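The values are calculated or read from the model by the stated rules, or taken from the named source; none is laboratory data. Values in this document were obtained by computation on a predicted structure and should not be read as measured data. All Cβ positions, glycine included, derive from the backbone under ideal geometry; neighbour counts span all protein chains shown.
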């Protein structure tokens, strides 16, 4: 990854973290001066069960993200030209999937064993039937594809004027180059099954809910969506993935069911991969 990309992602991460600190303090002051203010109770997402300890956990997750960015070594000068492109390997893909699932399992264990909260109830996973979940997800996906595609096209056109190498995400490029059917199958599983479950649980279910508890739904949606986009480590996808995440937050708030956003996430990633398979000449892609 080039130095400018790392620099931008680090700056945005720091700005989000700073905004969280200032925002929480500001909202607390407003509520003390206006006790009737209870904006975080609006909508179907119940943020009231979260406590101060959950905010500390969210802060730790944000710091973990920042630490991850500091561990990335930038490609500079000739090293950038000779940098070895990412290749899909079944073993590394399997370990990545396992690690991701373990992160989600630890969070769910924390909620259930430490906080005594039932994730099924907390995230509204029993709120809608299977048919309702699929129907709502398909309904929301129509404007989602339009908005994200338009945003991606505008951002790509704009950035090409000043950003020298605007390639697709490394995982997308690796998927296009790979000839290993097992590695490609594992990436499909990771993108269509694992990522929707894990990322929705962490970013929409937990981070969004906790930030909403101490601020409001709009502030929480913006901050959690930016963190979601940053974690994909791709400058060209930063804005499109933020828009995608904002739509996921809106869908979660309107339905009260995280299962709807999980299904939307799976549909979006599955469609993106299908487009790459059917139209391999496409040079850019956004996978959440």
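Before moving on, here are some points about what is shown:
Here's the yes/no breakdown for (1) crowded, with 16+ Cβ neighbours inside 10 Å; (2) over 24 Å from residue 261 (Cβ atoms):
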| residue | (1), (2) |
| --- | --- |
| 125 | yes, no |
| 150 | no, no |
| 167 | no, yes |
| 170 | no, yes |
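- Scanning segment 160-183 for residues that are more than 16 Å from residue 233 (Cα to Cα) and touching a residue at least 40 places away in the same chain (Cβ under 8 Å) returns 175, 176, 177, 178, 180, 182, 183.
- Qualifying positions in segment 26-58 - at pLDDT 90 or above and closer than 21 Å to residue 225 by Cβ: 26, 27, 44, 45, 46, 47, 50, 54, 55, 57, 58
- Every test in (1) surrounded by 13 or more Cβ atoms within 10 Å (Cβ to Cβ); (2) modelled with pLDDT of 95 or more; (3) closer than 20 Å to residue 210 by Cβ is passed by residue 114 save one, and that test is (1).
- Look at segment 46-58: where a residue is surrounded by fewer than 17 Cβ atoms within 10 Å (Cβ to Cβ) and a partner is part of a loop (DSSP other than H, G, I, E, B), sitting 6+ places away or on another chain with Cβ atoms under 8 Å, you get 49/115; 49/117; 51/115; 53/115.
- Hits in segment 140-149 (condition: without any contact (Cβ under 8 Å) to a residue 24 or more places away in the chain and touching a helix residue (DSSP H, G or I) at 6+ places or on another chain (Cβ under 9 Å)): 149
- Pairs, first within 11 Å of residue 208 (Cβ to Cβ) in segment 230-252, second in a loop (DSSP other than H, G, I, E, B), C-beta under 7 Å, six or more apart: 252/45
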